[in-house]
Amino acid sequence: MASIVVTGGNRLSGTVTVGGAKNSALKLMAASLLAAGESTITNVPDISDVHIMADVLRGLGARVSREEHTLRIDAAELTSFEAPYEFVAQMRASIVVLGPLVARLGHARVAMPGGCNIGSRKVDMHIRGLTELGVDITLGHGYIHAEAPAGLHGAHVILDFPSVGATENLLMAAVLAHGVTTIENAAREPEIGDLVDFLVGMGARIGGRGSSTLVVEGVESLAPVTHRTVGDRVEAGTFLVAGALSGGPVSVRGFDPSHLELVLVKMEAVGCEFEMHEDGATVRRAGAVVPTDVATLPYPGFPTDMQAQFMALMAIAEGASVITENVFENRFMFADELRRMGAEIVIEGHRALVRGVSQLSGAPVRCPDLRGGAALVLAGLIADGRTFVQDVQHIQRGYEAFVPKLSALGADVVMTDD
């Protein structure tokens with residue numbers, strides 16, 4: 001297993017360009033199953049989760065080829081309707097093949113999902129929504145079995161919570177259903193908008209893009225499409241926090257800054273200054289980090305995927321902050337590792353009280369999950385001495401060339417073999 005070794009103290013500056021959004025590219029890959037032919041997706045990050053999803057699609061009979069950051073997926077002939085455990089257990093996003101498979105083939109068999117251990121992330125809403133569209137679902141032996149013997153039909157679906165995954169699965173099923181489907185309390189993340197654009201490009205009829213109510217008028221068939229993946233706002237936010245920790249200036253390009261609006265507002269509140277660009281932002285910090293409170297919520301609220309990085313920033317604030325996690329119940333595992341570096345953090349249920357310290361200390365730590373692992377590397381940038389970050393396979397799930405990009409900004413960071 002590889003490790004990342006960070007020697008703290010270097011001031012970061014320069015420009016970094018982020019890739020396509022992991023949380024969008026994986027769903028676009030699944031959506032390509034809806035059309036019999038070759039779709040092309042550009043700006044796809046070269047990360048392990050994309051490789052796993054490509055293997056899932058190949059197992060279903062699709063042909064997947066890659067040239068740099070462009071994927072070509074030919075789903076002309078699907079030979080299987082099963083997404084097996086060995087793939088789905090590695091990456092929860094694999095469950096989004098459920099909707100496309102049952103819409104196109106009339107049946108699907110998908111293993112119960114895995115991925116980062118950050119909470120239960122139940123599939124109840126996926127199942128209940130698909131059932132309302134006419135899908136018969138049974139659970140057994142670790143698999144979800146879905147059949148639509150009479151085809152899918154439109155329905156009025158109200159989600160209990162604006163679940164991103166459930167919204168995506170229902171969208172991809174509804175586009176080939178007979179009649180009109182209305183999804184209320186739908187997720188509004190930019191990645192949902194990207195999926196809507198992809199499906200509309202294939203010939204789907206979807207209204208309400210960007211709102212909490214999506215209206216889908218089913219069509220008989222869809223056609224392949226060429227589409228560019230939206231820029232990764234979470235990768236961008238991670239590098240902006242890196243710049244804020246060290247002082248900057250760090251320019252992050254390749255994303256729409258409006259997709260990180262609340263994160264940027266909170267970073268300004270803690271003492272950061274921004275220069276906005278059409279395709280990014282530049283951050284700098286001259287004074288002390290000011291403590292502030294944040295609470296994660298579905299978009300447009302503060303993203304749960306930025307909570308760990310922001311906690312690393314609050315760990316050196318001059319005062320106490322409260323971070324409330326409202327999305328995933330296990331997302332504070334990162335705090336235990338950050339405490340090994342000298343941070344003062346007290347966890348009470350779904351709240352973390354962070355009392356800033358003047359200096360973090362380098363230490364051996366383990367990545368508990370994707371975003372927590374990236375945040376530990378960021379903490380190492382400002383720690384005294386060296387930080388050894390282990391289990392970095394989690395980071396490789398969602399960040400392409402994370403170490404080289406940090407190095408290009410001036411960080412003293414290397415990848416080593418244990």
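Can we say VAL230 is within 23 Å of TYR399 (Cβ to Cβ) and among the β-branched types (Val, Ile, Thr)? When the stated conditions are applied, VAL230 passes them. The residues of the stretch 172-194 that are surrounded by fewer than 21 Cβ atoms within 10 Å (Cβ to Cβ), in contact with a strand residue (DSSP E or B) (Cβ under 7 Å, 6 or more places away or on another chain) and either of a type in the set (A, V, I, L, M, F, W, C) or outside any strand (DSSP E or B) (or both), listed by number, are GLY179, VAL180, ASN185. Considering the stretch 62-160, the qualifying helices (runs of 4 or more DSSP H), each wholly inside and each with 1 or more residues that are among the acidic types (Asp, Glu), run over 85-88, 124-132.
Please verify whether GLU325 is without any contact (Cβ under 8 Å) to a residue 12 or more places away in the chain and touching a Phe, Trp or Tyr at 6+ places or on another chain (Cβ under 7 Å), treating the condition exactly as stated. Give the derivation first.
Details: without any contact (Cβ under 8 Å) to a residue 12 or more places away in the chain: no; touching a Phe, Trp or Tyr at 6+ places or on another chain (Cβ under 7 Å): yes.
It is false that GLU325 is without any contact (Cβ under 8 Å) to a residue 12 or more places away in the chain and touching a Phe, Trp or Tyr at 6+ places or on another chain (Cβ under 7 Å).
Scanning the stretch 230-271 for residues that are touching a strand residue (DSSP E or B) at 6+ places or on another chain (Cβ under 8 Å), under 18 Å from ALA308 (Cα atoms) and not in a helix (DSSP H, G or I) yields one hit, ASP232.
Can you tell me which residue is farthest from CYS367 (Cα to Cα) among those in the stretch 337-353 that are touching a residue at least 12 places away in the same chain (Cβ under 8 Å) and part of a loop (DSSP other than H, G, I, E, B)? I'd like the intermediate steps shown before the answer.
Let us first name the residues in the stretch 337-353 that are touching a residue at least 12 places away in the same chain (Cβ under 8 Å), namely 337-338, 340-345, 347, 350-353.
Subset that is part of a loop (DSSP other than H, G, I, E, B): 341-343, 350.
Values: MET341: 13, GLY342: 17, ALA343: 16, HIS350: 20 Å.
Per the stated criteria, the residue is HIS350.
Working only within the stretch 276-291, note down all residues that are more than 25 Å from the chain's Cα centre (by Cα) and either within 15 Å of ARG11 (Cα to Cα) or without any contact (Cβ under 8 Å) to a residue 60 or more places away in the chain (or both). Listed by number, the residues that qualify are ARG284, ARG285, ALA286, GLY287, ALA288, VAL290.
Within the stretch 247-256, not a single residue is basic (Lys, Arg), crowded, with 22+ Cβ neighbours inside 10 Å and in contact with a His (Cβ under 9 Å, 6 or more places away or on another chain).
Based on this model, can you work out whether ARG228 counts as basic (Lys, Arg), over 26 Å from MET314 (Cα atoms) and surrounded by fewer than 23 Cβ atoms within 10 Å (Cβ to Cβ)? Even if it seems obvious, please write down each step before you answer.
On the way: basic (Lys, Arg): yes; over 26 Å from MET314 (Cα atoms): yes; surrounded by fewer than 23 Cβ atoms within 10 Å (Cβ to Cβ): yes.
Yes.
How about the stretch 397-418: which of its residues are surrounded by 15 or more Cβ atoms within 10 Å (Cβ to Cβ) and assigned to a strand (DSSP E or B)? Scanning the stretch 397-418 gives ASP412, VAL413, MET415.
For the stretch 292-306, the set of residues classified as of a type outside the set (Asp, Glu), outside any strand (DSSP E or B) and buried (at least 18 other Cβ atoms within 10 Å of the Cβ) consists of THR292, PRO298, TYR299, PRO303, THR304, MET306, listed by residue number. Give me the residue from the stretch 3-39 that is within 24 Å of ALA76 (Cβ to Cβ) and in a loop (DSSP other than H, G, I, E, B) and, out of that set, nearest to the chain's Cα centre (by Cα). Top of the filtered list is ALA35. With respect to the stated conditions, GLY114 is surrounded by fewer than 22 Cβ atoms within 10 Å (Cβ to Cβ) and either at pLDDT below 95 or out of contact with any Pro (no Cβ under 8 Å at 6 or more places or on another chain) (or both).
Among the candidates SER32, SER65, SER39, which residue alone is over 20 Å from GLU168 (Cβ atoms) and hydroxyl-bearing (Ser, Thr, Tyr)? Write out each step before concluding.
On the way: SER32 fails: over 20 Å from GLU168 (Cβ atoms); SER39 fails: over 20 Å from GLU168 (Cβ atoms).
Testing whether each residue is over 20 Å from GLU168 (Cβ atoms) and hydroxyl-bearing (Ser, Thr, Tyr) leaves just SER65.
The residue that is surrounded by the fewest Cβ atoms within 10 Å (Cβ to Cβ), counting only those in the stretch 149-171 that are at pLDDT 95 or above and over 20 Å from ALA187 (Cβ atoms), is HIS153. Residues in the stretch 65-76: is at least one polar (S, T, N, Q) and without any contact (Cβ under 8 Å) to a residue 40 or more places away in the chain? Checked the stretch 65-76: at least one residue is polar (S, T, N, Q) and without any contact (Cβ under 8 Å) to a residue 40 or more places away in the chain. Among the residues of the stretch 165-178, are any over 12 Å from VAL215 (Cα atoms), without any contact (Cβ under 8 Å) to a residue 40 or more places away in the chain and not charged (D, E, K, R)? Within the stretch 165-178, none of the residues are over 12 Å from VAL215 (Cα atoms), without any contact (Cβ under 8 Å) to a residue 40 or more places away in the chain and not charged (D, E, K, R).
The sole residue among PHE274, PHE328, PHE334, PHE310 that is in a strand (DSSP E or B) and either of a type outside the set (Ser, Thr, Tyr) or touching a His at 6+ places or on another chain (Cβ under 8 Å) (or both) is PHE274.
The values are calculated or read from the model by the stated rules, or taken from the named source; none is laboratory data. Because the structure is predicted, anything quoted here is derived from the model rather than measured. Please note: Cβ atoms are built from the backbone with ideal geometry, for glycine as well, and neighbour counts cover all protein chains shown.
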